[in-house]
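So the structure is just underneath, and the comments pick up after that.
The values are calculated or read from the model by the stated rules, or taken from the named source; none is laboratory data. None of the values given here were measured: they were computed from a predicted structure. When we count neighbours, we look across all protein chains shown, and the Cβ atoms used for this are built from the backbone with ideal geometry, even at glycine. Just so you know, the surface numbers come from the protein's heavy atoms only, side chains and all, with ligands and any DNA or RNA stripped out. Shrake-Rupley method; radii C 1.70, N 1.55, O 1.52, S 1.80 Å.
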Amino acid sequence: MERVKKFVEFLNLIGYDEVRVPEKTGELGMESFDPVSELKKVEEEAKSCCRCRLCKTRTNVVFGEGDPRTNLMFIGEAPGEQEDLQGRPFVGRAGQLLTRFLNLYGVSRDRVYITNVVKCRPPGNRNPAPDEIASCYPFLEKQIELISPKVILCLGAFAARTVLNLPEKTPISKIRGKEQKITVNGKEIVVIPTFHPAYLLRNRRGEPEFQKDLENALRIAGLI
Ligand code: URA
């Protein structure tokens, strides 16, 4: 900054009196903005969050994990029992199925980013309540902003409704596989709603459609 000031003084001296010293380094675009360390800060904040009742019953906050510089982000609903115990998303039965599908395409979990709409487990795996989703939304919003992926695969109706701001009762069957676009900080992100892996555990007939959506997302992200 001292060198900038000196240079401006010199320019003033030789007649460029329109030149001024910026108030903040940010005005020069000189600030060092690192999305990865910003994401860490948001995670720290989430870990001590008690904005809704779920903080009283959780074991761990499940913020999200994976490559923060990835082009592909997965968003699920909320942590289940295993996720709550381990503090990691999608590690229970549904998560293992998701991991298997990814591996089918030769993609490991650490090449994508996985998170949920709600970061704490709703007791007994009940659906997250609208006010819980709303309290947690700023964390998801920041994650999307900082990771800034090319594509988001929404796992289930809760994720799709939240990311696409759809009415509360919108069924996943109506929107599944239909590519949408959202704009975040001027960048277009493709959003693909698909079935939740937990649904696939009960309805194996949904697998081909899920696989089609996953493959589409992986291609857009350039992972296959
Ligand atoms: N179901 C979800 O929606 N998220 C998880 O992390 C696990 C199961």
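The listed residues are R88, R126, and the only one of them that is open to solvent by 50 Å² or more (accessible area, probe 1.4 Å) and under 17 Å from the mean Cα position of the chain (by Cα) turns out to be R88.
Kindly state which helices (runs of 4 or more DSSP H) lie completely within segment 142-203 and contain at least 1 residues that are in contact (Cβ under 8 Å) with a residue 40 or more places away in the chain and surrounded by fewer than 15 Cβ atoms within 10 Å (Cβ to Cβ). Show your work before the answer.
On the way: elements: 157-164, 172-175, 197-202.
In segment 142-203, the matching helices (runs of 4 or more DSSP H) lie at 197-202.
Residues in segment 52-69: is at least one touching a Ser or Thr at 6+ places or on another chain (Cβ under 6 Å), in contact (Cβ under 8 Å) with a residue 24 or more places away in the chain and of a type outside the set (D, E)? Yes.
Residues in segment 91-121 that are touching a Ser or Thr at 6+ places or on another chain (Cβ under 9 Å) and open to solvent by less than 20 Å² (accessible area, probe 1.4 Å): L102, V112, Y113, V117, V118, C120. Listed by first and then second residue, the pairs linking a residue in segment 111-127 that is more than 10 Å from the ligand (Cβ to nearest atom) to a residue that is open to solvent by 60 Å² or more (accessible area, probe 1.4 Å) and modelled with pLDDT of 95 or more, with Cβ atoms under 7 Å apart and 6 or more places separating them unless they lie on different chains, are P123/T57. Cβ-Cβ distances below 6 Å connect the following pairs, each with a first residue in segment 77-98 that is over 14 Å from K47 (Cα atoms) and more than 6 Å from the ligand (Cβ to nearest atom), a second residue that is of a type in the set (A, V, I, L, M, F, W, C) and part of a loop (DSSP other than H, G, I, E, B), and a separation of six or more residues or different chains: Q82/V91; L98/F90.
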